[in-house]
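The values are calculated or read from the model by the stated rules, or taken from the named source; none is laboratory data. Just so you know, these numbers come straight off a predicted model, no measurement behind them. A quick note on method: Cβ atoms are made from the backbone with ideal geometry, for glycine too, and the neighbour counts reach across all protein chains shown.
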Amino acid sequence: MAATIEAPELLVGQPIRRREDPKLMTGSGNFLDDIRLPGMSYAAILRSPVAHARITSIDTTKARNMPGVIGVFTGEDLADVNPLPCAWQAAGVENNVATPRLLALGEVRQVGDPIAVVVAESVYQANDALEGIEVDFEELQAVVDSREAVKPGAPQLHENAPNNIVMHWTCGADAETVDKALAGAEVRVSQSVANQRLIPTAMEPRGSVGLYEPATQEYTLWATSQAPHVHKLVVAAFVLGIPEQKIRVIAPDVGGGFGSKIFVYFDMPLVLWLSKALGRPVKFFEDRTENYLHTTHGRDHHTDIEIGATKDGKITALKVSTLANLGAYLSTVAPGVATTLYGRMVAGCYKIPNIHVDVKGVYTNTAMVDAYRGAGRPEATFVIERACDLVADATGVDPAEVRRRNFIQPADFPYDTGIGMLPYDSGNYVPALDLALQHAGYASLLEQQAARRANGGRKLLGIGVSSYVEVCGIAPSKWIGLSGEGWGAGLWESADVRVYLTGKVSVTSGSLPHGQGHETTFAQIVADRLGVPYDDIEIEHSDTKGTPFGFGSYGSRSLTVGGTAIYKSVDKVVEKAKLLAAHMLEAAPEDIVYENGKAWVKGSPDAVKTIQDIALQAHVAYDLPSGMEPGLEAVTYYDPPNCTFPFGTHVCVVEVDRDTGNVEIIKYVGVDDVGNVINPMIVDGQFHGGIAQGIAQALYEGAVYADNGELITATMNDYAIPKASMLPTYELDRTVTTTDVNPMGAKGAGEAGTIGSTPAVANAVVDALSHLGVKHLDMPYTPERVWRAMQNGNA
Amino acid sequence: MFPNQFEYQRPDSVQAAAGLLAADPDAKLLAGGHSLIPAMKLRLASPSSLVDLGGIEGLVGIDAAGTIAIGAMTTYAMLRDSRELSRVLPMVTDAADNVGDPAVQARGTLGGALAHSDPAADFTAIFLALNGSVDVTGTNGTRTIGADDLFVDLFTTALQPDEIITSVSFPAPDSGTGMAYEKFRHPASGYAVVGVAAVVTTGSDGNVASARIAITGAPSKATRASESEQLLQGKKLNDESIAAAAAAAANGLDINGDHFASEEYRRHLVGVLTGRALTRAAAGM
């Protein structure tokens, strides 16, 4: 390269500090509850105190006359508004769909079901007036456990769902084939496991602000949203019947979501309806207990596992039968999580010849369950990784060795597991396992454990290994869509890259953040690819007015799908820039070299046109090539050809207090492979947060309902969110196996930490107790549960 | 998370505060507010008026020369950071560092904790084990209430409705005294699932001259483990006597259970933590 062309300093791969943080750290963010509109009014929701009842009467007279009250509405007032839709039903089977109305009409089915709304001049007055509404109920029996709900004689939630069954879905080989393989297996193990219900607990709860402007008949909705374009579409077309061009949805700064803000909630259409009815902007913002009661929960599976293996630990058959508790109604994508993202991933990292998966979705008188960080893959990984340890226990083969013997090999990729998932794109599982074992000091740990057991120490040592693969970058529209996996739309992303006259760059992205750092990561990609300074690039998002359509941020898809749309738009801009540069340099387009923001004729590097020169000419347009339009901008709608499949191995080491049952993690190693990494600091952050949530499932978190449907863990005083002091130091490393699914070779990192960690902790705790006869223990591993397991031996 | 409407008053003397309480039975004192305000936000408490003690001088401070006197509005953070206190009553600074989190420690007060008598509070047990006393002022004057008389039941004390704790006193420990507080934290609330405070003094003969052991978290109010105390009296403090005391610690206690920790498990923890507290106390003599 000639001397005048500087070597580029690539930003991709650099741990650049997040450009989002100064605003957030100085309290300058603009979150939902920061929004103040002239004439704002405030909505408060009267919620059901009982889990299952017929509403026999509602009297709002007193509330209407309380100070500051502008309006009080019940389900009767909204009877002609459609219920919320379910946008992802399980594919290929009948779904007995029952979705929530904006306000309950005639019947409530969970504690927290919205019954009435008060709108008042202040949020205090609105909440005071809730006490002025009188509701009479005829209480019905409630059922909260999916195993009880499917029994004959159980309370029935919906007329169209006999035995409370939403759907019955299967995948893999037929059951008889797998039964035969199990029957013929040298070693056969069966185990029932629970994957307990979790409450997502984003730092910011949910809320909505609605504004209707009569003069233009336009609606604006501000919402704590992971998917504003989808919320616009659904609220307009499916719930309220508003012309889609008349509604604008804005996600302001969003304080985390972990999946819970993907979905369409009652308050989104409600605040718009109220604003039109009352002629005032209306704000609703849930408090933490409302968030716990009524925003979606995650997991809640009861699963029977049967696994067959050879005496040397090769898995020959796997049969999985799961009851997925989906709550009182179907949330937006709930059936798809329990099927496509769960059932089709139970093979994990392993070549297993005979797999049958059976999933029943179940209604209960509990909060709706939908995608929560990992969404199906944590449940699948928990099943297969506990199964591997059960095989190890039954065969006497070391758990790490069981995994190694069953891994899909590098030459097998792309690999089809035979249970309906897209082929795994690429992988190399052994190096990640070896590196994790090496960092953990696995051999030495086994010796320490043997020594402690021999000495009868009061601190039991447990070592847990979890190898995982997950599906990211969802998804090719043709595969995931209605004709395939049942998703009611596509899953592409779009981006527009615009170079201004001054050479500064705006990217409008359909993909958006709710805490991840999209602005930083996306700007790194554009800076390198277009060759403009990082600070010259603005990433715009989260407002449906001004950004192209996007399906939202979930499924670790923002970089691999949304980022690829940006990458391809940059390439289109560069192509046009080269054409214009050729014209400016009086050369043939095919002779133009474009690197690092500069164009020159091959062999003549001294005559350079910068992207800034080119952008100026593109906009003033005094001298464009014949037929070229002014401007320098490109849009891409990108539909991925496959999903991506990151993987890794986590090793957790615990000490269990023999006297109290308390579990302490004394070492945590994660070796992950997410392909190429754009910003390693952000990826590390994703793993730190993800592992924290995964550890929390194993040790701390669990939503508990009383038999009558009361949520016992309805506040943070009872539901244990991990504090920093309750978590270990993470020792993280990476291997890099790229993918050809997208041009960046990146696989996605948002959920892998959560997926890999929970089974590692679970396996460690069970391992610590294994010499006492414990083969399995359900989570969370509260001190009492562990103490009882030690008292009882096999639990 | 929106409390009912309430009045707010900020008197400048204890007498004035007592007068406000006497005039309005639904008024509540506001000290650190870290129990009261959350209860109000959940509308579990709806006082007509808050009487803020923050404007009254003389309720904050630690005097550790001789009898230890601590102002009722002294925060956990002040207890935690007091070097002179850590020399004479190390259990107090240690426990203060284990209350809630730094935000709670910065606002929560010693007097507030004792007056609230939360069944899972730490300092109720500390106070009982250290044989403290509180000076209180009401409209009828002042009086002193001893440790064994203050806690009546769940969230209930011997304070009259118009009485305010002004200071908390602890006798200076005799030489040969060891003390320790063992806490099993609830992972969500940070409160004690079970907490055991043990204060043991041995005489010149090496035998236990006095032992006070107080349990929190398990019973409905901080309660002494009387049987364990008696078992230790006159004995050498060693593994054997500690084990015997630990085994008896839950005897006679009415123990609560919930979904996180059953009565049986809490009973077990009372024994384990009593043993640990006594072992640490013995090591600190």
Is it the case that residue A:751 is under 20 Å from the mean Cα position of the chain (by Cα), within 14 Å of another protein chain (Cβ to nearest Cβ) and buried (at least 24 other Cβ atoms within 10 Å of the Cβ)? no
Might you let me know whether segment A:654-666 holds any residue that is touching a helix residue (DSSP H, G or I) at 6+ places or on another chain (Cβ under 6 Å), away from chain B (no Cβ under 14 Å), of a type outside the set (Asp, Glu) and closer than 30 Å to residue A:412 by Cα? no
Give all pairs with beta carbons closer than 7 Å in which a residue from segment A:658-671 that is assigned by TED's automatic domain parsing to the domain that holds residue A:431 meets a residue that is buried (at least 19 other Cβ atoms within 10 Å of the Cβ) and part of a loop (DSSP other than H, G, I, E, B); count only pairs at least 6 apart in sequence or on separate chains. A:663/A:781; A:671/A:735
Would you call residue A:641 surrounded by fewer than 18 Cβ atoms within 10 Å (Cβ to Cβ), outside any strand (DSSP E or B), at pLDDT 95 or above and under 43 Å from the mean Cα position of the chain (by Cα)? yes
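Residues are listed down the side, and each one gets a yes or a no for (1) surrounded by fewer than 20 Cβ atoms within 10 Å (Cβ to Cβ); (2) more than 30 Å from residue B:98 (Cβ to Cβ); (3) small (Gly, Ala, Ser); (4) in contact with a helix residue (DSSP H, G or I) (Cβ under 8 Å, 6 or more places away or on another chain):
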| position | (1), (2), (3), (4) |
| --- | --- |
| A:727 | yes, no, no, yes |
| A:736 | yes, yes, no, no |
| A:759 | no, yes, no, yes |
| A:768 | no, no, yes, no |
| A:783 | no, no, no, yes |
Scan segment A:697-717 for residues that are assigned to a loop (DSSP other than H, G, I, E, B) and crowded, with 19+ Cβ neighbours inside 10 Å and report the count. 7
Tally, over segment B:199-220, of residues that are under 13 Å from the mean Cα position of the chain (by Cα) and more than 14 Å from chain A (Cβ to nearest Cβ): 4
On the basis of being touching a residue at least 60 places away in the same chain (Cβ under 8 Å), crowded, with 17+ Cβ neighbours inside 10 Å and closer than 27 Å to residue B:2 by Cα, does residue A:108 make the cut? yes
For segment B:267-276, does any single residue satisfy the condition of being closer than 25 Å to residue B:177 by Cβ, among the basic types (Lys, Arg) and away from every other protein chain (no Cβ under 13 Å)? no
Looking at segment B:87-102, I want the residues that are within 13 Å of residue B:172 (Cβ to Cβ) and have a partner that is in a helix (DSSP H, G or I) and at pLDDT 95 or above with Cβ atoms under 6 Å, at least 6 apart or on another chain. Which pairs are those? B:92/B:79; B:92/B:85
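Every residue, every condition in (1) surrounded by 20 or more Cβ atoms within 10 Å (Cβ to Cβ); (2) within 26 Å of residue B:17 (Cβ to Cβ), yes or no:
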{"position": "B:41", "(1), (2)": "no, yes"}
{"position": "B:45", "(1), (2)": "no, yes"}
{"position": "B:60", "(1), (2)": "no, yes"}
{"position": "B:67", "(1), (2)": "no, yes"}
{"position": "B:75", "(1), (2)": "yes, yes"}
{"position": "B:80", "(1), (2)": "yes, no"}
{"position": "B:83", "(1), (2)": "no, no"}
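Report those helices (runs of 4 or more DSSP H) wholly inside segment A:114-204 carrying at least 3 residues which are over 23 Å from residue A:101 (Cα atoms) and assigned by TED's automatic domain parsing to the domain that holds residue A:54.
Result: A:123-130.
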Residue list for segment A:59-87, restricted to those being buried (at least 18 other Cβ atoms within 10 Å of the Cβ) and in a strand (DSSP E or B): A:69, A:70, A:71, A:72, A:73, A:74
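Out of A:692, A:706, report the one residue that is within 18 Å of the chain's Cα centre (by Cα) and within 14 Å of chain B (Cβ to nearest Cβ).
A:692
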Test result for residue A:403, more than 21 Å from residue A:555 (Cβ to Cβ), among the charged types (D, E, K, R), in contact with a Ser or Thr (Cβ under 7 Å, 6 or more places away or on another chain) and not assigned by TED's automatic domain parsing to the domain that holds residue A:259: yes
Checking residue A:685 against (1) more than 14 Å from chain B (Cβ to nearest Cβ); (2) crowded, with 20+ Cβ neighbours inside 10 Å, which test does it fail? (2)
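Restricting to segment B:236-265, name every residue that is within 9 Å of another protein chain (Cβ to nearest Cβ) and either part of a helix (DSSP H, G or I) or among the aliphatic types (A, V, I, L, M) (or both).
Within segment B:236-265, B:261, B:264, B:265 meet the criteria.
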Any residue at all in segment A:35-53 that's under 30 Å from residue A:520 (Cβ atoms) and among the charged types (D, E, K, R)? yes
In this structure, does residue B:188 turn out to be assigned to a loop (DSSP other than H, G, I, E, B) and within 14 Å of chain A (Cβ to nearest Cβ)? yes
Selection count, segment B:28-38, where residues are within 12 Å of chain A (Cβ to nearest Cβ) and modelled with pLDDT of 95 or more: 0
Restricting the first residue to segment A:707-726 and requiring it to be without any contact (Cβ under 8 Å) to a residue 40 or more places away in the chain and not assigned by TED's automatic domain parsing to the domain that holds residue A:49, which pairs with a second residue that is surrounded by 17 or more Cβ atoms within 10 Å (Cβ to Cβ) and outside any loop (DSSP other than H, G, I, E, B) meet a Cβ separation below 6 Å and a spacing of at least six or different chains? A:722/A:692; A:722/A:696
Give the residue, chosen from A:742, A:763, A:794, that is at pLDDT below 95, out of contact with any His (no Cβ under 7 Å at 6 or more places or on another chain) and more than 14 Å from chain B (Cβ to nearest Cβ). A:794
Restricting to segment A:770-791, and then to whatever is touching an Asp or Glu at 6+ places or on another chain (Cβ under 8 Å) and away from chain B (no Cβ under 13 Å), can you tell me which residue is nearest to residue A:386 (Cα to Cα)? A:775
In the list B:200, B:193, which residue meets the criterion of being in contact with a Pro (Cβ under 9 Å, 6 or more places away or on another chain), under 19 Å from residue B:276 (Cβ atoms) and either modelled with pLDDT of 95 or more or of a type in the set (S, T, N, Q) (or both)? B:193
What's the total number of residues in segment A:522-550 that are part of a loop (DSSP other than H, G, I, E, B) and either under 16 Å from residue A:511 (Cβ atoms) or over 28 Å from the mean Cα position of the chain (by Cα) (or both)? 10
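Step by step: first the residues of segment B:189-210, then only those that are small (Gly, Ala, Ser) and without any contact (Cβ under 8 Å) to a residue 40 or more places away in the chain, then the one that is farthest from residue B:266 (Cα to Cα). Which residue is that?
Going through the qualifying residues, I end up with B:204.
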Here is a list: A:300, A:312, A:304, A:287. Which entry is surrounded by fewer than 24 Cβ atoms within 10 Å (Cβ to Cβ), acidic (Asp, Glu), under 29 Å from residue A:200 (Cα atoms) and more than 14 Å from every other protein chain (Cβ to nearest Cβ)? A:304
